Structures are given as structure tokens and as C-alpha cells.
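Undergrad: Here it is, the structure in full.
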Amino acid sequence: MALYNDGHPARERAVDRSYQCLRDLQQHDTHPRFSFLGEETIYQDSALRELGDWEWGTRLAQAGVQRIELETGVTREQYEEFLEEMMARITLSFIDSAEARPNRPTGIKVGALGIRGETREVEEALATPVPVATISYSLGEEAASIQSMHREVQDRGRLPLAEAEAVVRSLSIAMHGDQEMILPLLQLREFDEYTTTHSLNVSVLVMALAESLGLAQQDVRTFGIAGLLHDLGKVSIPEEILNKPGKLTDQEREVMQTHPVAGAKLIIESGRRLDLAAAVAHEHHIMINGQGYPRCHYHRDCHKASKLVHVCDVYDALRTRRPYRDAWEAQRVLTYIEERAGTEFEPEAATAFIKMMRKVEGGIQLSPVPRESDVPSAPTPSHTNGAGTVNPPSPTQPAKQGK
């Protein structure tokens, strides 16, 4: 398309061959979906290892095209228009020609990481070559993706890893503004949205903390995935326990405290190489003095990622308003973490977290979880997971993290 003008026989033959490939694929898969994550090209939820170094996947991702979905009924003419738009995005001519270009056919959806389908906001965002966080940045699409992921795990026992990776990369983009780090955190609007909101916030916080400690970007994103999945086991907890507004009974608390083991099992059984995420899911409620849960038969050191996630988990939990207590002020939570360093929290993790939060205090952007009507393409969750009741801790007493 770069070499030949529209209508040239060589160009027409190339488009014909490409369109026939699509038609052949749709004989077996009517709704193919491709994602471009770093140097990986993912078809549905499987990485295409033979395309691990495919330069076009990287170029598409850099141009803001991280997901492509193609439905049945796309004509050859529509497909050629789509290819022209992709070429324009890659050559950065899309911005100049966007207004003159007709609307893309609805059967072809293009979006950024962590979304399904396309909205007006996403279309506008894709017109910018380098996405950056702004004061109006919204995590609505990412929240919808997490709700969809939780439902997939709950209904089918299947973990869509590509979706989790896409959300983490999207969060990583949102965290970096023009000059300094921004923490785009969600505020809870409805109590039964807690697990969705909490998962996204812990992922953001642990990536920021890992980055502040000087970890490599690949490790930062790996820790981000672990933070995103740390409470995955809550999909197996009955809703009446998760959303209970009062104090849990001893029996209910025992059920709630099964979620770390359940989460680790779900991750391991997904068949993916997610050993770190499974370890974090299992260990994120274990204190460095051996207390917490699940109970260890012998005292052992937890993974570094688990220690970081533990601090971020407690911070976001205490900063969130729950049915049984108000949200704590940020300074009160940081004081609590500081006082518990060396017993509940690993000292290096606690110190680094406090330093980071005080440094980026002006860069924290809080926004409510968008309502369903605000995210037209978001799936409607059949079940969302709240966190149930714990007694609110005082600054001098350990947090009773029954949930």
C-alpha cells in the first residue's frame, strides 16, 4: 500500500489475497480477535509464537492499535478501507485525514488495550500517537474488562490471561504523564463494585511501587498482573458473604479466608505460566511475622512481590469506604503502615511505599467507577465481588483482614 497507488494491479492482488485469508479463517472462527502486546501477537487468548518478532504487531501497537476484532459480513471494499486506515495510523497520517475518512464499518472494531469494542472516547484517544494520562483519564473500559474476566473465571473456570495483560499495559500507560508519574485510582461508588475497583487500584499501586524500587519494566508489569489477580479467589466466595454489611461470623470468616488458596488454585489450573501471580494470590494476607492467613505450617519468607502487594492491598482497603466504616484519611493509613513495618509489613516495602505516596500525593487522580451507561461496549456483569466485613483497625492495632 505504500508502494502502489489505489487501483494498481499489484495492490489489488495483495488486498485480494489478504481478504481471502480472512474469509478462510472465518470458515472456522466467525469472530476472530487479535491483540498486540509488546512483541507478542495474540489470537483470541493464545500467543502466536511464530509471530513473536513480527514487526507489524509492534508497529500497530505503537500506533494505538492494540486490539482488532472482525465480525462476519465484512465486504472486500470495507476490508480495503480498514487496511487503508491501518496504514494511515502507522504512517501517522491518520490525524490529518481522520475527518475526511468515512466511518469504519461496524463489523471491524479497533481499540486500545483493555477494551472491547470502540467508543467515541477511544476513537479520540487513538488519534493521538502517544497516549498519556490526563486529569480526565477514565478506567471505565478497564473496569469492564475486569468484571468480564471475573465472570469468565466464575462461569467457566477459565482465566483470560490476554485480557489481564492488556489491562495492565493500559494501566501502565495511564500512570505516566508528560513529566511525572500519575496514579489513576478509582473511587468506589457502589459497595458491590469493591473487588473490581480494588483489583485495579492494587495493580496501579504495586506497579508504581515496583518502579520506584528500580525494577525492570518487564518485572513491573509482571507484578502488576499479580496485583490485578491477587483477589481472584473471591469469585468462589458466596455473594452474601462478600457483600455482608455487618460483622462476619466465625464460620463466614473461615469461608472468606479460603480465597487466597482458591485464587492460587484457579491461576495454576489456568494452564498459563503464572507462578508469580499464583504465589502472590496465596501469600498476600501473610504477615512477615508469620501471622495472617492461610496459616503456614512453618515460618518461611514470602516472595518480594507478595510483600509489595500486601502493603498496597492494605492501603487501598483502608482508604476505601465500606458499609461498616468510613474511609481512612491517607495520612492515617500511612502512619498505620509505618507503625506496623517489621511485624506486618516488610520494612523496605513499607518505607518505599510511604516515601512514594508522599512524593506523588499531588499526582493521585481519583475518579468514580463509570456507570454502565458511560461505557457502551462494556459487558454487563452477572456478578461482581465486594469485600465483606472486617473490624476497622485503629492506628495502634493490626488490621483484621478477614477479607
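The values are calculated or read from the model by the stated rules, or taken from the named source; none is laboratory data. On a predicted model such as this, the values are computed, not experimentally measured, just so you know. With ideal geometry, Cβ positions are generated from the backbone for all residues, glycine too; neighbour counts draw on all protein chains shown. All accessible areas refer to the heavy atoms of the entire protein, side chains included, with ligands and DNA or RNA removed. Shrake-Rupley method; radii C 1.70, N 1.55, O 1.52, S 1.80 Å.
Undergrad: Give me a count of the residues in region 286-315 that are assigned to a loop (DSSP other than H, G, I, E, B) and in contact with a helix residue (DSSP H, G or I) (Cβ under 6 Å, 6 or more places away or on another chain).
TA: 3
Undergrad: Now for a different question. Would a scan of region 285-295 turn up a residue that is of a type outside the set (Ser, Thr, Tyr) and closer than 27 Å to Met175 by Cα?
TA: Looking for residues that are of a type outside the set (Ser, Thr, Tyr) and closer than 27 Å to Met175 by Cα, one finds at least one in region 285-295, hence yes.
Undergrad: Shifting gears a bit: Find all pairs meeting these conditions: Cβ atoms under 6 angstrom apart; at least six residues apart or on different chains; first residue within region 306-317 and over 9 Å from Ala349 (Cα atoms); second residue of a type in the set (S, T, N, Q).
TA: Correct list of pairs: Asp316/Asn201.
Undergrad: Please state which one of Thr320, Thr335 is at pLDDT below 90, surrounded by fewer than 23 Cβ atoms within 10 Å (Cβ to Cβ) and within 21 Å of Ala208 (Cα to Cα).
TA: Details: Thr335 fails: at pLDDT below 90.
Just one listed residue meets the conditions, Thr320.
Undergrad: How many residues does region 36-54 contain that are charged (D, E, K, R), under 17 Å from Ala166 (Cβ atoms) and in contact with an Asp or Glu (Cβ under 7 Å, 6 or more places away or on another chain)?
TA: Total satisfying the criteria: 1.
Undergrad: May I ask you to list the residues in region 247-282 that are over 20 Å from the mean Cα position of the chain (by Cα) and closer than 22 Å to Glu346 by Cα?
TA: Gln257, Val261
Undergrad: Also, I was wondering about something else. Looking at region 12-35, is at least one residue within 22 Å of Ala166 (Cα to Cα) and at pLDDT below 85?
TA: Yes, region 12-35 contains at least one residue that is within 22 Å of Ala166 (Cα to Cα) and at pLDDT below 85.
Undergrad: In addition: Using the structure shown, decide if Tyr43 is more than 30 Å from the chain's Cα centre (by Cα) and surrounded by 10 or more Cβ atoms within 10 Å (Cβ to Cβ).
TA: No, not satisfied.
Undergrad: So how many residues does region 267-308 have that are at pLDDT below 90, open to solvent by 40 Å² or more (accessible area, probe 1.4 Å) and within 28 Å of Ile42 (Cβ to Cβ)?
TA: 6
Undergrad: A further question on this structure: What is the residue count in region 338-350 for residues that are open to solvent by less than 50 Å² (accessible area, probe 1.4 Å) and in a helix (DSSP H, G or I)?
TA: Within region 338-350, residues that are open to solvent by less than 50 Å² (accessible area, probe 1.4 Å) and in a helix (DSSP H, G or I) number 3.
Undergrad: Does at least one position in region 152-164 carry a residue that is among the polar types (S, T, N, Q), assigned to a helix (DSSP H, G or I) and either open to solvent by 20 Å² or more (accessible area, probe 1.4 Å) or modelled with pLDDT under 60 (or both)?
TA: Within region 152-164, one or more residues are among the polar types (S, T, N, Q), assigned to a helix (DSSP H, G or I) and either open to solvent by 20 Å² or more (accessible area, probe 1.4 Å) or modelled with pLDDT under 60 (or both).
Undergrad: When Val261 is evaluated against the numbered criteria (1) at pLDDT below 90; (2) open to solvent by 20 Å² or more (accessible area, probe 1.4 Å), which criterion, by number, is the only one it fails?
TA: Val261 satisfies every listed condition except (1).
Undergrad: To continue, here is another question. Would you mind stating whether Gly224 is within 20 Å of the chain's Cα centre (by Cα) and modelled with pLDDT of 85 or more?
TA: It is true that Gly224 is within 20 Å of the chain's Cα centre (by Cα) and modelled with pLDDT of 85 or more.
Undergrad: Look through region 220-257, keep the residues that are farther than 14 Å from Ser306 by Cβ and among the acidic types (Asp, Glu), and return whichever of them is surrounded by the most Cβ atoms within 10 Å (Cβ to Cβ).
TA: Within region 220-257, the match that is surrounded by the most Cβ atoms within 10 Å (Cβ to Cβ) is Glu252.
Undergrad: Name the pairs: first residue in region 64-86 and farther than 11 Å from Arg23 by Cβ and open to solvent by 20 Å² or more (accessible area, probe 1.4 Å), second residue hydrophobic (A, V, I, L, M, F, W, C) and in a loop (DSSP other than H, G, I, E, B), Cβ to Cβ under 8 Å, at least 6 apart or on different chains?
TA: Going by the 8 Å Cβ cut-off, the qualifying pairs are Leu83/Met1; Glu84/Met1.
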